[in-house]
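Colleague: One structure follows; several queries about it will come next.
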Amino acid sequence: MADTVHVPFADLHAQYLTIKSDIDAVIADVIRTSAFIRGPYVDKFEAAFADMMNAKHCVSCANGTDSLYIAMHALGVKPGDEVIAPAHSWISTTETITQAGGKVVFCDTDPLTHTIDTSKLAALVTPRTVGVIPVHIYGQPADMDPIMAIAKQHGLWILEDCAQSHLARYKGRLVGTFGNAASFSFYPGKNLGAMGDAGAVTTNDPELAKRMAMFARHGGLTKGDHQIEGINSRLDGLQAAILSVKLPHLPKWTRARQHWANVYTERLSGIPGVSVPAVAEGREPVWHLYVIRHERRDALAAHLKSKGIQTVINYPTALPFLPCYAPMGHKPSDFPNAHRDQSRILSLPIFPEMTEAQIDAVVEAIRSFDGAAA
Ligand SMILES: *Cc1c(COP(=O)(O)O)cnc(C)c1O
């Protein structure tokens, strides 16, 4: 029976089992050669990742949050500089603006794609604006054409937050290749996940790449040569080796996510009360998250939980309404879309190794909720 199938939100162990012998072997290799910090595994991953993301340079670092901070530091954010970011994202996107010395300026999200609302972006640009961070949230590409046009018109840099969007495409082109730099997270649950924390920035700008690498490594590219004061943010050898094993599988895993997302959309469309995620023209999402909307979201989540189905809310409070941004004094009407969505969104289980039986269980459980409500 469908309701006896337990469906976890994600299943990292299932993925590990598909590549166990390669992962176990490479971990043993790193230990055997003591290649724990920098070294050949890190170099190899940086080159392979840059290649797959169609970027000239990849600077790896300790996690995705650091990748945003490192990029903004290298882009030259100074006190008083304003950086525009979407009102709905993970906190890393904006806490790093402040960390880099800048001032956060929120832009509402688009009601269909949850990405930054480009119709509201230009009005937020002031003489102090230096850059914009579009987030390809849930793996949905942001609308890059208008964003790049506004950036060009006002001389702004663009830092793409690709933490959830490895291999997503906008009008046929990989996200992360539009802006000055793109930040990536390899947090275990991300589309490309390490077995611990890891992150990277990609760019085609050699000077920017050099400044980022220098800053991430105590301000110097060779030992003892500290050109500037930096930080210590390194991808370690074990994580790099694990990521190199996983990277060639990413296209296949991405197609599996796209397959399951299509199945969900087909089977959930038309269920009363359920809004399936929209895919805008010319965008190829990679479904880090499959996020539906429902007016009775909390009751639906409780119902799914009772049926053994795990869901998550990404994220329950839009950024401007978090306690940490209360001093900015924003009201719901400042960001109506982000505010409306925060109480309606629900992320369903999605991961490449899902089974038909698991999808059936989720779909049936959602159907039975509507039955109960009728
Ligand atoms: C995960 C994530 C980050 C940060 O990545 P970590 O590796 O967890 O530090 C940044 N932005 C977004 C949108 C994310 O989802």
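The values are calculated or read from the model by the stated rules, or taken from the named source; none is laboratory data. All figures in this text were calculated on a predicted structure; none of them were measured in a lab. All Cβ positions, even for glycine, are placed from backbone atoms using ideal geometry, and neighbour counts span all protein chains on display. For accessibility, only protein heavy atoms count, side chains too; no ligands or nucleic acids. Shrake-Rupley method; radii C 1.70, N 1.55, O 1.52, S 1.80 Å.
Colleague: Cross-link list 152/246; 56/246; 78/190; 20/190; 120/252: which exceed 29 angstrom alpha carbon to alpha carbon?
Modeller: Numbers: 152/246 36 Å; 56/246 21 Å; 78/190 31 Å; 20/190 19 Å; 120/252 36 Å.
Among 152/246; 56/246; 78/190; 20/190; 120/252, the Cα-Cα distance tops 29 Å for 152/246; 78/190; 120/252.
Colleague: Find the relative contact order for the chain and round it to a whole percent, using C-alpha pairs within less than 8 Å whose residues are 6+ positions apart.
Modeller: Details: 784 pairs, mean separation 87.1, N = 374.
The normalised contact order for the chain reaches 23 percent.
Colleague: Counting only Cα, what are the radius of gyration and maximum Cα-Cα distance Dmax of the stretch 13-247, in Å?
Modeller: 17.6, 57
Colleague: Also: Of 292, 271, 147, which is the most mobile in a GNM of the chain whose springs link Cα atoms less than 10 angstrom apart?
Modeller: The residue with the greatest mean-square fluctuation here is 271.
Colleague: Tabulate in residue order the Karplus-calculated ³J(HN,Hα) for the stretch 155-170, using 6.51 cos²θ - 1.76 cosθ + 1.60 with θ = phi - 60°, rounded to whole Hz; enter x for Gly and Pro.
Modeller: For the stretch 155-170, the Karplus-derived couplings read x, 9, 8, 10, 10, 7, 8, 9, 4, 10, 9, 3, 6, 5, 10, 10 Hz, x marking Gly and Pro.
Colleague: By the scheme Lys and Arg +1, Asp and Glu -1, what is the net charge of all other residues having a beta-carbon under 11 Å from that of residue 239? Present the calculation step by step, with values, prior to reporting the outcome.
Modeller: Numbers: positive: 234, 246; negative: 197, 236.
Neighbour charge sum, excluding residue 239 itself: 0.
Colleague: Rounded to a whole number of µm²/s, how large is the Stokes-Einstein D of the stretch 199-250 at 4 °C and 1.567 mPa s, given Rh as the Kirkwood radius over C-alpha pairs?
Modeller: The estimated diffusion coefficient comes to 105 µm²/s.
Colleague: Given the options 250, 359, 288, identify the residue whose Cα lies farthest towards the positive end of the charge dipole of the stretch 249-373 (+1 on Cβ of Lys, Arg; -1 on Cβ of Asp, Glu).
Modeller: Most positive-ward Cα: 288.
Colleague: Name the residue from 155, 240, 263 whose Cα lies farthest towards the positive end of the charge dipole of the stretch 147-285, charges +1 on Cβ of Lys and Arg and -1 on Cβ of Asp and Glu.
Modeller: Result: 263, furthest along the dipole toward the positive end.
Colleague: Another question about this same structure. Counting heavy atoms of the protein chains only and a 1.4 Å probe, report the per residue accessible area for the stretch 249-373 as a whole number of Å². Don't skip to the end; give the middle numbers.
Modeller: Numbers: 5410 Å² over 125 residues.
In whole numbers, the stretch 249-373 has 43 Å² accessible per residue.
Colleague: Name the longest site-free stretch of the chain, where the excluded sites are GluC sites (Glu not before Pro) in a DSSP loop with no more than 11 other beta-carbon atoms within 10 Å. Write down the numbers at each step before the final one.
Modeller: Working: sites that count: 229, 281, 295.
Within the chain, the longest run free of exposed GluC sites (Glu not before Pro) spans 1-228.
Colleague: With all protein chains present, how much of the accessible area of the stretch 160-297 (probe radius 1.4 Å) comes from carbon and sulfur, to the nearest whole percent? Please report the intermediate quantities before stating the final value.
Modeller: Values: 2700 of 5480 Å².
C and S atoms contribute 49 percent here.
Colleague: In a Gaussian network model over the chain where Cα atoms closer than 10 Å are linked, find which of 151, 357, 74 has the largest mean-square fluctuation.
Modeller: Of 151, 357, 74, the most mobile in the Gaussian network model is 357.
Colleague: Straight-line reach only, C-alpha to C-alpha below 17 angstrom: list the aspartates and glutamates that residue 44 could link to, leaving out same-chain residues fewer than 8 apart.
Modeller: Straight-distance partners of residue 44: 22, 29, 236.
Colleague: Just need the Rg to Rh number for the stretch 249-373, please, alpha carbons only, Kirkwood Rh. Walk me through the intermediate numbers first.
Modeller: Working: Rg = 15.9 Å, Rh = 15.8 Å.
A ratio of 1.01.
Colleague: Let me ask another. Give, rounded to the nearest 20 debye, the magnitude of the charge dipole that the stretch 213-321 has about its Cα centre when Lys and Arg contribute +1 at Cβ and Asp and Glu contribute -1 at Cβ. Walk me through the numbers before you get to the answer.
Modeller: Numbers: 14 positive and 8 negative charges, 80 e Å.
Rounded to the nearest 20 debye, it is 380 debye.
Colleague: Using square roots of five times the C-alpha gyration tensor eigenvalues, list the equivalent-ellipsoid semi-axes of the stretch 95-220 in whole Å, biggest first. All intermediate terms of the calculation are to be shown ahead of the outcome.
Modeller: Values: eigenvalues 104, 75, 39 Å².
Values for the stretch 95-220, descending: 23, 19, 14 Å.
Colleague: First select every other residue whose beta carbon is under 11 angstrom from the beta carbon of residue 129; then total the charges, Lys and Arg +1, Asp and Glu -1. Don't jump to the answer; show the numbers that get you there.
Modeller: Numbers: positive: 103, 128; negative: 81, 82.
Taking every other residue near residue 129 into account, the sum is 0.
Colleague: Provide 252, 171 ordered by accessible surface of protein heavy atoms (probe 1.4 Å), highest first. Please report the intermediate quantities before stating the final value.
Modeller: Numbers: 252 100, 171 125 Å².
From most accessible down to least: 171, 252.
Colleague: Where the only charges are on Cβ atoms (+1 Lys, Arg; -1 Asp, Glu), what is the dipole of the chain about its Cα centre, to the nearest 20 debye?
Modeller: Working: 34 positive and 37 negative charges, 45 e Å.
Magnitude of the dipole: close to 220 debye.
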